[in-house]
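Take a look at the structure set out below.
The values are calculated or read from the model by the stated rules, or taken from the named source; none is laboratory data. Everything numeric here is computed off the predicted structure, so don't read it as measured data. Here Cβ is always computed from backbone atoms with ideal geometry, including for glycine, and neighbour counts include all displayed protein chains. The accessibility values were calculated without ligands, DNA or RNA, using every heavy atom of the protein model including side chains. Shrake-Rupley method; radii C 1.70, N 1.55, O 1.52, S 1.80 Å.
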Amino acid sequence: IWYIEYLFECTNNHEQRYLMMISIELKDGSFIVRKIGQNPSMLTIKGFDFDKYKKILEQINAYEDYKKADLSNADHFFVGAYAYLRRIFEKLILFYLGDTKLEDKHMDTKINFIKDKFDPRIRGLLKNLYGILSKSIHELDEDESKEYYIYLKTVIDMQLEYMNTEKEKEKQSKMLGEILNKISRLIQ
């Protein structure tokens with residue numbers, strides 16, 4: 001196994017440097033090249049904003065999956081990115097099901113049971129979304145997965161945004177209720 005370090009400089013700004021470490025292995029007459037690491041990381045370079053939905057994603061135990069989906073996509077592991085999106089979607093379903101036990105454990109049944117918890121704009125897309133996420137892992141090639149990733153992630157982001165908005169509405173309603181009760185007591 002050979003190890004190689006590459007140091008790149010930005011052609012526009014020579015102060016920006018990029019270091020990559022790879023290994024090369026000769027195995028059964030073929031070379032296997034692996035990227036071991038890089039500095040700065042893809043996370044730093046791409047400037048991902050994972051914290052926007054962090055609280056909700058942690059609540060459904062999908063924060064790491066969300067990060068890995070985008071990082072896999074950025075690293076050109078498009079089918080892998082789909083796998084993480086599917087995990088996020090499944091965790092959303094489980095979150096909404098809570099302790100509910102359904103006799104029929106098929107995903108279509110689960111989706112039908114909890115679809116009212118989803119953003120109205122995407123409720124009609126849920127069955128198709130799950131089908132696409134499942135099928136694409138096995139049947140789409142990397143180029144097709146690359147092309148469709150952003151659309152599928154957008155649907156998940158729409159739901160996460162909806163969840164954020166609903167929480168804010170609940171906070172506002174609670175606050176307004178408390179204020180109105182206080183005012184009502186004052187004028188009685």
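Points worth noting:
- All conditions in (1) surrounded by fewer than 11 Cβ atoms within 10 Å (Cβ to Cβ); (2) touching a helix residue (DSSP H, G or I) at 6+ places or on another chain (Cβ under 7 Å); (3) hydroxyl-bearing (Ser, Thr, Tyr) hold for residue 6, with the sole exception of (2).
- Boolean, residue 139 is without any contact (Cβ under 8 Å) to a residue 12 or more places away in the chain, acidic (Asp, Glu) and open to solvent by less than 70 Å² (accessible area, probe 1.4 Å): no
- The residue pairs whose first member lies in segment 149-166 and is under 15 Å from residue 57 (Cβ atoms), whose second member is among the polar types (S, T, N, Q) and open to solvent by less than 60 Å² (accessible area, probe 1.4 Å), and whose beta carbons are closer than 9 Å, counting only pairs six or more residues apart or on different chains, are 153/73.
- The lone exception for residue 167 - which of (1) farther than 25 Å from residue 93 by Cα; (2) open to solvent by 80 Å² or more (accessible area, probe 1.4 Å) it fails: (1)
- Only helices (runs of 4 or more DSSP H) whose full extent lies in segment 37-141 are considered here, and the ones with at least 2 residues that are farther than 22 Å from residue 167 by Cβ are 42-46, 63-74, 78-97, 107-114, 126-139.
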